Amino acid sequence: MVRASKDEVDEESAPFLNKPKSVTAGKSRKYEVGEVGLLSAAKAIILLCLFFAVNVVISVFNKWEFNGPLRCPIYVTMTHQIICFLFCFTISPWLKITPIEGWTVRWKTLLIPLFFVSNIALNNLSLLYTTLALNQLIRAFCPVVVATMSFLVEDKRPSWQSLLAIVTLMVGVTLSISTSPELEVVGTLICFLSVFGNALQTVIISILKIARLDPLSIIYHTSLYNTILMVPLFIGLGEHKQLYLHYQKQGLWTILGLTFVGGMIAFAYNVILLSFIQNTSSIYSSVAGSFKTVMVIFVSYLVFDQSLSTVTLAGICIACMAFIVHSVIMINEKRQAAGDNNKKVGASTESPAAPTEFATPIRGPKCYVHYDRLLF
């Protein structure tokens, strides 16, 4: 038997006394990394809870508001824009707003208000007629329209897994909408128009590569243009008359209070979404967005008096599961495409190409494609 030396015995009994400083420093670094990992995980969980909560709150609040206290969805959307702009302007000294440089970038960015009116404004208008659950189900139909438009415009062919999920989603949404006891034709058509606007926005962004600004900068640069574009819709729908009736019935302070509270919730949504993306990842937020739709549908049946048949419930379950599966498939395909691109870049021995107009990210790529989900 070989007796252990004194140094070896000391090292076993007092592991940090006789070791070099580099070893102890390495272990403390591991402990620090572990603590940082726990803090990051805790922050992600808190942001996830806030993300779900603010999504449910703003959806339920808007539906409740449009059902009675303030039946002026275009006015509400316009004032949300103004309030969000004022908040962005107020915090701009502490959180730098990225300027828009160059006329090419400027005119591309100014397309965003057109997308906003055809997407968010019409979606809010549809809540005046449809139930919240039906609204969310129709909005879940967006991947079908995006896939169709991408095939027609960009000749992008979905994989068979994605196609199967899309067909299943179509079956679930069609089943739940057609058998819904509270189906309303006008609201359903308006909501489908908003879905078409959302899909058009997604495809055009992919072609023109518009979204190279972080969400707060986009709000700052486009919110007033959004408001101006909605003025004809506000007047054409007669909301100025409806607003005056609310003023006579409920008083000025009630209207101002509802307007301010709704604007604060909308701005809080944008800030939480931005923090959620920056502190987790765009993939994580995409999956969370899928579960958010399911949660809003579930809460809508708890809060509002909505009829539900057995066939409609089956259609909702099929649509929700297909929506989540499709999101996961798209995420895996994007990961695989990104990995293939990285391999090509690493294997290339040629000198890098000259930077293009959009080559340098402004605040990191995680915020590029998420402004379309901002409620402003």
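For segment 60-127, the Kirkwood estimate of hydrodynamic radius, built from reciprocal distances between every pair of different alpha carbons, is 14.1 Å. For segment 108-200, trypsin sites (Lys or Arg not before Pro) meeting the loop criterion (DSSP other than H, G, I, E, B) and having at most 13 other Cβ atoms within 10 Å: LYS156.
Averaging the Cα positions of each part gives two centres, and for segment 127-162 and segment 163-177 these lie 10 Å apart. The per residue volume of the convex hull around the alpha-carbon atoms of segment 116-165 is 81 Å³.
Heavy-atom surface analysis with a 1.4 Å probe gives segment 34-174 a carbon and sulfur content of 73 percent of its accessible area.
Give LYS63/LYS292; LYS43/LYS96; LYS156/LYS334 a once-over and call out the pairs whose C-alpha atoms are over 21 Å from each other. Pairs exceeding 21 Å: LYS43/LYS96.
The values are calculated or read from the model by the stated rules, or taken from the named source; none is laboratory data. Please read these numbers as outputs of a predicted model, since none were measured by experiment. Cβ sites come from the backbone with ideal geometry, for glycine too, and all protein chains shown count toward neighbours. Heavy atoms of the whole protein, side chains included, go into the accessibility calculation; ligands, DNA and RNA do not. Shrake-Rupley method; radii C 1.70, N 1.55, O 1.52, S 1.80 Å.
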